[in-house]
Amino acid sequence: MYIAAYCGKTQRTASSAMEAAVRVTRRVQLTGGSIFSLGVWIRCDLDARNQVFGPNDVLEDHAEAYLLITIGAVVMLISFFACFGALLENQCMLAVVRCSVRHAHTHTHTHTHTTV
């Protein structure tokens, strides 16, 4: 592994923390893959779309399928950078993940506090 040389317990703690981070990012990547696959399935199969969203003629442009495909692809890409950035201890990859998460976090919280 690419972990810097630590002594005794510190090395075990660092490696176990890295293993936990990799496990979490793998689960996130699998979740993104599931969302992506659901989007492709809904896009390709009209009966599946009707089962998930109900029969609706307004949704003929498959916007919901493209939205799921896009979200799934973005989640997989970010978790890919997180997983390999942690394994290789690559600061550039980890900075991309950090900026992506911050950007998503700020956009979700700026529009929630609107007053009427």
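The values are calculated or read from the model by the stated rules, or taken from the named source; none is laboratory data. None of the values given here were measured: they were computed from a predicted structure. Cβ atoms come from the backbone with ideal geometry, glycine included; neighbour counts cover every protein chain shown.
Computed values, structure above
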| item | result |
| --- | --- |
| The one condition in (1) modelled with pLDDT under 90; (2) in a helix (DSSP H, G or I) that residue 40 fails to fulfil | (1) |
| Hey, residue 49 at pLDDT 70 or above and surrounded by 10 or more Cβ atoms within 10 Å (Cβ to Cβ) or not | yes |
| Any hit, region 4-15, residues being loosely packed, with under 15 Cβ neighbours inside 10 Å, modelled with pLDDT under 80 and at positive phi | yes |
| Residues of region 66-95 classified as of a type in the set (A, V, I, L, M), under 13 Å from the mean Cα position of the chain (by Cα) and farther than 18 Å from residue 17 by Cα, total | 9 |
| Single condition residue 32 does not satisfy, out of (1) at pLDDT below 75; (2) touching a helix residue (DSSP H, G or I) at 6+ places or on another chain (Cβ under 8 Å); (3) part of a helix (DSSP H, G or I); (4) of a type in the set (Gly, Ala, Ser) | (1) |
| Filter result (polar (S, T, N, Q) and either loosely packed, with under 14 Cβ neighbours inside 10 Å or at pLDDT below 75 (or both)) within region 84-116 | 91, 106, 108, 110, 112, 114, 115 |
| Test: residue in region 38-61 that is out of contact with any strand residue (DSSP E or B) (no Cβ under 7 Å at 6 or more places or on another chain) and within 24 Å of residue 97 (Cβ to Cβ) | yes |
